[in-house]
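**Q** Below are the structure tokens for one structure; questions will follow.
The values are calculated or read from the model by the stated rules, or taken from the named source; none is laboratory data. Given the structure is predicted, the values throughout are model-derived calculations rather than measurements. We place every Cβ from the backbone using ideal geometry, glycine too, and count neighbours over all the protein chains shown. The protein model used for the area step is the full one, side chains on, heavy atoms only, and it has no ligands, DNA or RNA in it. Shrake-Rupley method; radii C 1.70, N 1.55, O 1.52, S 1.80 Å.
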Amino acid sequence: MARVQSPARSRPSTYPGWFFLPAAIIYGVLFLLPTFASLYFSLTRWTLFNSTFIGLDNFAQFFREPFLIKGLINTVIYAVVSSGLKVVLGLLLAVLLTSQIAARGYLRSVVFFPVLVSTVGVGITFTVLMHPTQGMINEGLAMLGIKGPGWLVDPNLALISVALVDVWKGVGLATVIYIAGIVAIPQDYYEAARIDGSTPWQSFIYVTLPLCRPATVTVITLSFIGGLRTFDLIWAMTRGGPGFASDTIASVIYKQYQAGFYGLSTAGNVVLFVLIGVLVVPLTMLLNRKEGHE
Amino acid sequence: MAGLELKALHKTYGQVPVIKGVDLSVSHGEFVVFVGPSGCGKSTLLRMIAGLEDITSGELWIGDRLCNAVEPRDRGIAMVFQSYALYPHMTVYDNVGFGLKLARTDKAERDRKIRDAARILQMEHLLDRKPSQLSGGQRQRVAIGRAIVRQPEVFLFDEPLSNLDAALRVDMRMELAKLHQDLGSTMIYVTHDQVEAMTLADKIVVLNGGVVQQVGAPIDLYQRPANLFVAGFIGSPKMNFAEVSVQSINGGMVTVASKDISAVTVAADTKSLKVGDRLTLGVRPHHLSMDASGTLVGGVSLVERLGNETNVSLRLPSGATWLVVLDGDHNLRPAQALQLAIDAEKVVLFDAAGQSLLAAM
């Protein structure tokens with residue numbers, strides 16, 4: 001049988017090769033260069049002005065850090081809680097905001113609005129709102145006769161409180177991704193299900209949920225990576241406190257950087273990079289595995 | 001046993017009327033085809049029967065139940081969609097059994113019904129596949145299977161063959177006809193393809209602009225169209241039309257002529273006619289034949305030789321173009337003059353309002 005060459009392979013590209021150069025230069029200078037430079041600096045004692053190669057000493061020291069394990073566990077808890085809630089709430093909000101409700105467009109804006117606000121601003125605002133005695137949240141609860149917890153001062157609650165604020169701020173993006181996923185589902189499926197006797201709940205379980213799986217994968221991946229890297233909100237709200245109760249890897253790294261251990265904090269960043277890879281790569285492989293349909 | 005009764009059905013979207021009073025009765029086991037051009041309301045009417053569109057006014061009876069406010073699942077209907085609407089994440093087995101699963105049918109019973117439907121549609125080997133692994137024809141089969149397992153009293157088809165290629169469409173058309181024979185259920189079928197309508201239907205409903213133009217057996221619609229719209233829509237190639245004027249009336253016969261046609265005498269309902277009236281004459285391309293004494297003369301502008309027949313595009317003296325289908329092969333050249341006879345027994349006259357003047361049979 002004669003070999004048929006695939007047309008995609010023989011067809012010349014629509015654009016000349018050098019068209020990709022501007023993007024490649026920007027990507028190389030702003031992304032690849034710092035990445036490889038940080039790999040190098042993580043192996044040095046670095047004072048910004050000079051660096052001495054010390055092998056893996058920084059990594060050894062980083063892992064001896066007393067609160068590192070706590071930071072690692074906190075990071076994973078934070079990522080799981082925040083991404084899990086974003087998936088669930090994002091999906092529910094998207095279902096609500098794609099149904100025939102009044103003021104749908106306005107409500108979509110309201111849900112998305114927190115995404116646009118500066119994270120540090122949100123952190124400071126919520127720190128005030130969550131004040132144990134004078135914060136509006138606890139004052140509101142007190143009016144209902146409920147004694148509110150010390151959101152950010154209780155060591156058992158501080159991390160979760162910050163994660164909840166992260167969900168408040170980030171759920172709008174998850175909702176938008178889910179809305180895009182849901183409106184892309186052809187109406188025919190719902191109509192066929194209705195004729196087959198499906199209730200709205202069954203349509204959600206058997207049609208919406210499986211068919212917006214690509215949106216779910218995107219939301220989980222984005223919010224899980226975001227959760228693992230989280231720093232700004234933690235720093236604005238608790239600075240890792242009380243004590244080290246809400247420290248995450250990123251805040252531990254920042255503290256080392258503040259103390260002038262640049263090589264050490266760069267090694268911490270490399271560890272964080274590897275951690276994200278180790279957790280996210282298998283996760284996305286798992287999530288994408290069953291996507292064998294159209 | 002379920003027939004259908006549609007009484008003065010109306011549908012409006014906001015201020016826009018889409019279905020403007022449809023009355024129709026369908027008996028049990030009938031194969032009814034809704035046909036009409038795009039936007040004529042045929043799919044809307046089907047979706048009203050299915051319960052996917054609300055009925056603005058009028059009554060829909062399925063069997064002996066008034067179904068205006070009945071949920072789709074309780075109407076005893078099943079529908080095959082143009083897009084097939086097969087759930088991409090489910091296997092063929094699960095797709096076909098989806099309705100039964102929702103109805104909490106016992107697992108063994110469900111399995112039996114799914115396999116029965118698969119056997120009827122010869123798709124037992126496809127049960128473990130996902131829709132993306134099927135060809136267009138196979139998907140169509142699965143969609144029909146999903147309808148069959150519910151053992152509905154009425155099947156609804158919304159342009160089910162329009163996504164298939166021409167050859168497959170002919171095959172599936174025959175299979176649908178056979179399925180109707182085997183199941184004996186009432187079927188309502190929407191299409192814009194009049195060949196599908198002619199070949200499948202016991203009864204055709206021609207719709208235009210949300211109004212029923214004519215209801216009848218396919219051959220009746222072909223031979224005795226009620227108006228200009230039906231005459232032009234049913235039959236392929238399309239009927240030729242010419243403006244004519246009445247020359248003389250003699251009992252039930254009227255003689256008409258125009259610039260292009262010297263004289264044709266036609267049986268017609270002549271009660272309201274008088275000499276000089278302007279009418280429209282409709283002649284099907286197959287009802288013209290080469291004849292040296294014919295009443296129609298024109299110049300050949302285009303020839304399509306198909307072997308068993310020859311399609312000729314004919315330019316008439318008035319500038320109009322008629323299509324002629326001649327039996328057998330004719331080696332005609334462009335610009336050649338052609339003299340044709342009109343089969344006067346098969347032509348139809350239409351009055352100024354476009355209504356046919358066929359003599360009562």
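**Q** Select from the stretch A:247-292 the residues that are out of contact with any Phe, Trp or Tyr (no Cβ under 8 Å at 6 or more places or on another chain) and among the aromatic types (Phe, Trp, Tyr) and write down the one among them that is most open to solvent (accessible area, probe 1.4 Å).
**A** Per the stated criteria, the residue is A:Phe273.
**Q** Okay, moving on. Return yes when A:Thr133 is more than 14 Å from every other protein chain (Cβ to nearest Cβ), polar (S, T, N, Q) and touching a residue at least 40 places away in the same chain (Cβ under 8 Å) and no when it is not.
**A** No.
**Q** Please specify each residue of the stretch A:168-203 satisfying the condition of being open to solvent by 30 Å² or more (accessible area, probe 1.4 Å), within 14 Å of chain B (Cβ to nearest Cβ) and of a type in the set (A, V, I, L, M, F, W, C).
**A** Of everything in the stretch A:168-203, those that are open to solvent by 30 Å² or more (accessible area, probe 1.4 Å), within 14 Å of chain B (Cβ to nearest Cβ) and of a type in the set (A, V, I, L, M, F, W, C) turn out to be A:Ala184, A:Trp201.
**Q** Is the stretch B:100-109 home to any residue that is within 23 Å of B:Gly184 (Cβ to Cβ) and away from chain A (no Cβ under 11 Å)?
**A** For the stretch B:100-109, residues within 23 Å of B:Gly184 (Cβ to Cβ) and away from chain A (no Cβ under 11 Å): present.
**Q** Looking only at the stretch B:110-127, filter to residues that are in a helix (DSSP H, G or I) and open to solvent by less than 30 Å² (accessible area, probe 1.4 Å); which one of those is farthest from the other protein chains (Cβ to nearest Cβ)?
**A** B:Ala118
**Q** If a residue has to be within 20 Å of the chain's Cα centre (by Cα), within 14 Å of chain A (Cβ to nearest Cβ) and either among the hydroxyl-bearing types (Ser, Thr, Tyr) or open to solvent by less than 30 Å² (accessible area, probe 1.4 Å) (or both) to count, how many in the stretch B:28-84 make the cut?
**A** Within the stretch B:28-84, residues that are within 20 Å of the chain's Cα centre (by Cα), within 14 Å of chain A (Cβ to nearest Cβ) and either among the hydroxyl-bearing types (Ser, Thr, Tyr) or open to solvent by less than 30 Å² (accessible area, probe 1.4 Å) (or both) number 10.
**Q** Going through A:Leu286, A:Leu272, A:Leu233 one at a time, which residue ends up being hydrophobic (A, V, I, L, M, F, W, C), part of a helix (DSSP H, G or I) and free of Cβ contacts under 8 Å to residues at least 24 places away in the same chain?
**A** None of the others qualify; the one that does is A:Leu286.
**Q** Output the qualifying pairs, or none if there are none: Cβ atoms under 9 angstrom, residues six or more apart or on different chains, first residue in the stretch A:94-110 and hydroxyl-bearing (Ser, Thr, Tyr), second residue assigned to a helix (DSSP H, G or I) and open to solvent by less than 50 Å² (accessible area, probe 1.4 Å).
**A** A:Thr98/A:Tyr178; A:Thr98/A:Ile179; A:Thr98/A:Ile182
**Q** Now a separate question. Which is of a type in the set (Phe, Trp, Tyr), farther than 18 Å from A:Ala236 by Cα and part of a helix (DSSP H, G or I), of A:Phe113, A:Phe126?
**A** Of A:Phe113, A:Phe126, the one residue that is of a type in the set (Phe, Trp, Tyr), farther than 18 Å from A:Ala236 by Cα and part of a helix (DSSP H, G or I) is A:Phe113.
**Q** Would you say B:Thr321 is without any contact (Cβ under 8 Å) to a residue 24 or more places away in the chain and among the hydroxyl-bearing types (Ser, Thr, Tyr)?
**A** yes
**Q** Which residues, taken from the stretch A:72-86, are among the hydrophobic types (A, V, I, L, M, F, W, C), surrounded by fewer than 20 Cβ atoms within 10 Å (Cβ to Cβ) and within 11 Å of the chain's Cα centre (by Cα)?
**A** Matches in the stretch A:72-86: A:Val80, A:Val81.
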